Amino acid sequence: MRVDNREQDELRPITMKRRFTKYAPGSVLIETGNTKVLCSASVEESVPPHIKNTGEGWITAEYSLLPGSTPVRVPRESTKGKVIGRTHEIQRFIGRSLRSIIDLAVLKERTIWIDCDVIQADGGTRTAAITGSYIALMDAIQWLKGKNMIQENPVLSSIAAVSVGIVNNVVLLDLCYAEDAAAQVDMNIVMTGKGKFIEIQGTGEEYSFDDEQLAEMLKMAKKGICKITEIQKKVLEERVEI
């Protein structure tokens, strides 16, 4: 029995509220169970030095656990003077995942900043951040088109992510924190809406897993992401002032 009485292959309830903030061209509050992440997409008329004068744009991400997001207060990283390793890794994870579905040449030489602030953490914050950031990104693209800053949609496919793992020798989808902390194997899977994998992050915690277990985890993750993709489609079909 799971801690929240879900089936092995059952997602936590997911809601996404678009245009959650006023000023960012795209923003969404995504809730997956008790995990809540605010994802914002902002546009900057410049690009990093390594792609300057290439005619291409860029997408990058910042991620942060807010102080009251966990049972014990998380200090703001700005007060520590640097970004810790876990945060840096998650930021790169989000950024490269979103870049994989974008024709950067269509953006021209501008950057879309994706900011993911975890308001409440109960497992799956990085996967929720990717899933929500896609919605914020789509609204930012519509904002750019509305201002005639780009002429076509550079997004090649939708993107969503989910966690999957092995807990007490059982494969489970969409782990909450209690399950994540006890997991023998923890994986984060990112896929396109066309069913193609973008990234697979998997680790055994003092445990090894075989081909059959890996196949079961990938199959379960794909099933979950298909459901998330349908939720994303419905959210984007809603009429919201941009």
**Study point:** Packing-based order for 62-72, 155-165, using average beta carbon neighbours within 10 Å, highest first
**Key:** 155-165, 62-72
Point to revise | Ranked list, fewest to most other Cβ atoms within 10 Å of each Cβ, for Met149, Met138, Met191 | key: Met149, Met138, Met191
Check your understanding: Which residue, chosen from Phe20, Ser69, Gln213, occupies the Cα position most advanced towards the positive end of the dipole of the chain, where the dipole is computed from +1 (Lys, Arg) and -1 (Asp, Glu) charges on Cβ about the Cα centre?
Key -> Phe20
Revision key, fill the gap. Heads up, the chain by the C-alpha gyration tensor (a ≥ b ≥ c square roots of eigenvalues; a/c under 1.5 rounded, else a/b over b/c prolate, else oblate) looks prolate
**Study point:** Part-to-part distance (alpha-carbon centres) for the stretch 107-169 and the stretch 202-234, which is given in Å
**Key:** 19 Å
Check your understanding: Within the stretch 22-48, what residues put their amide N at less than 16 Å from the label point 7 Å along the Cα-to-Cβ vector of Gln120?
Key -> 29-39
Point to revise | Cα-centre dipole for the chain with unit charges at Cβ (Lys and Arg positive, Asp and Glu negative), debye to 20 | key: 900 debye
Practice item. With r as the distance between the Cβ atoms of Gln151 and Thr70 and R0 = 41 Å, compute the FRET efficiency 1/(1 + (r/R0)^6) and round to 0.05. Key: 0.40
Exercise for review: Identify the GluC sites (Glu not before Pro) of the stretch 16-55 meeting these criteria: DSSP loop state and at most 12 other C-beta atoms within 10 Å of the C-beta.
Suggested key: Glu45
Point to revise | Partner aspartates and glutamates for Lys227 [C-alpha distance under 20 Å; skip if fewer than 8 residues away on the same chain] | key: Asp4, Glu7, Asp9, Glu10, Glu31, Asp174, Glu199, Glu216, Glu237, Glu238
**Study point:** Debye intensity ratio I(q)/I(0), log10, the stretch 1-145, q values 0.13, 0.16 Å⁻¹ (C-alpha model)
**Key:** -0.61, -0.88
Revision key, fill the gap. Any lysines whose Cα falls less than 28 Å from that of Lys108, other than same-chain ones fewer than 8 residues away, would be Lys22, Lys52, Lys145, Lys147, Lys194, Lys196, Lys233
Practice item. Could you line up Val167, Val106 from fewest to most neighbouring Cβ atoms inside 10 Å? Key: Val106, Val167
Exercise for review: Restrict the search to the stretch 74-150; then list the trypsin sites (Lys or Arg not before Pro) that DSSP places in a loop and that have at most 10 other Cβ atoms within 10 Å of their Cβ.
Suggested key: Lys80, Lys82, Lys147
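Readers should treat all values here as calculations from the given coordinates under stated rules, not as data from a laboratory. A quick note: this is a predicted structure, and the numbers were derived from the prediction, not measured. Every residue, glycine among them, receives a Cβ derived from its backbone with ideal geometry; neighbour counts consider all protein chains shown.
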